[in-house]
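Contents: one structure, followed by commentary.
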Amino acid sequence: MPVFDYDPPERFVAGAVGQPGSRAFFLQARAEGRLTTVGLEKFQVAALADRLDDLLDEVVRRGGEVPASAPPGLTDNAPLDVPITEDFRVGTMTLAWDPEASQVVIEAQEIVPEDEEFEPSPLDEPALLRVRISPAAARAFSRRALALVAAGRPPCPLCGQPLDAEGHICVRLNGYRGTSASSGGGGG
């Protein structure tokens, strides 16, 4: 199993490539001339950011020293490093708090095929990205990731589903095409 271990990384960010509605999402870690880029879904980026904040809030509740928000000096709004070459696609992620090092441990494991006949051998173990970061870096990561997710397509004012440039079929309008300019009538 290839393990891409960063303890700590020089940079760890979530990023996206493409236009809203057809963006590809990535986690990227860099250190000492190494660059690891893993692909994942938008909802996974959002879940990771939310769970990071929850984990850090729990550490605070238990008396740990964690900043309430990301320090301004850790803000990273730069684009992803190039080349953007996906090392693997993320299936599952785990978070942990290392109390001895006062670090957050993030692990992203390669997606495992759901083929019923697939019998993995020890050589076929899924790849793993493991990143150990400070609580302040985790807050900065979370802030960037949440902004990245929010920068997508605007939501329909009626049903909350993302709007495409040509609108969408809105369930609140009984299947009529809704647009960002819709007045909200006609389906009531």
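Listed here are the residues, each with its yes/no results for (1) in a helix (DSSP H, G or I); (2) at pLDDT below 95; (3) in contact with a Gly (Cβ under 8 Å, 6 or more places away or on another chain).
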position	(1), (2), (3)
1	no, yes, no
39	no, no, no
65	no, yes, no
95	no, no, no
109	no, no, yes
113	no, yes, no
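Could you say which residue among 71, 67 is in contact with a Pro (Cβ under 9 Å, 6 or more places away or on another chain) and under 18 Å from residue 144 (Cα atoms)?
The unique qualifying residue is 67.
How many residues does the stretch 77-93 hold that are part of a loop (DSSP other than H, G, I, E, B) and open to solvent by less than 40 Å² (accessible area, probe 1.4 Å)? Before the answer, list the steps.
Kept after step one, since they are part of a loop (DSSP other than H, G, I, E, B), are these residues of the stretch 77-93: 77-87.
Next, from what is left, pick out any that are open to solvent by less than 40 Å² (accessible area, probe 1.4 Å): 80-81.
Within the stretch 77-93, residues that are part of a loop (DSSP other than H, G, I, E, B) and open to solvent by less than 40 Å² (accessible area, probe 1.4 Å) number 2.
Can you run down the residue pairs with Cβ atoms below 6 Å, 6 or more apart or on separate chains, where the first is in the stretch 89-107 and closer than 17 Å to residue 140 by Cα and the partner is charged (D, E, K, R) and assigned to a strand (DSSP E or B)?
103/132; 105/98; 105/132
Mind checking which pairs have a first residue in the stretch 13-40 that is open to solvent by less than 10 Å² (accessible area, probe 1.4 Å) and a second that is β-branched (Val, Ile, Thr) and part of a strand (DSSP E or B), Cβ under 6 Å, 6 or more apart or different chains?
Matching pairs, first to second residue: 27/38; 28/13; 28/37; 29/36; 29/131; 38/90; 40/90.
Restrict the check to the stretch 120-137 and report whether at least one residue is modelled with pLDDT under 70 and of a type in the set (A, V, I, L, M).
Taking the stretch 120-137 and keeping what is modelled with pLDDT under 70, we get 120-123.
Those still in the list that are of a type in the set (A, V, I, L, M) too: 123.
Yes: one or more hits.
The values are calculated or read from the model by the stated rules, or taken from the named source; none is laboratory data. Since the structure is predicted, the reported quantities are computational estimates derived from the model, not experimental observations. Please note: Cβ atoms are built from the backbone with ideal geometry, for glycine as well, and neighbour counts cover all protein chains shown. All accessible areas refer to the heavy atoms of the entire protein, side chains included, with ligands and DNA or RNA removed. Shrake-Rupley method; radii C 1.70, N 1.55, O 1.52, S 1.80 Å.
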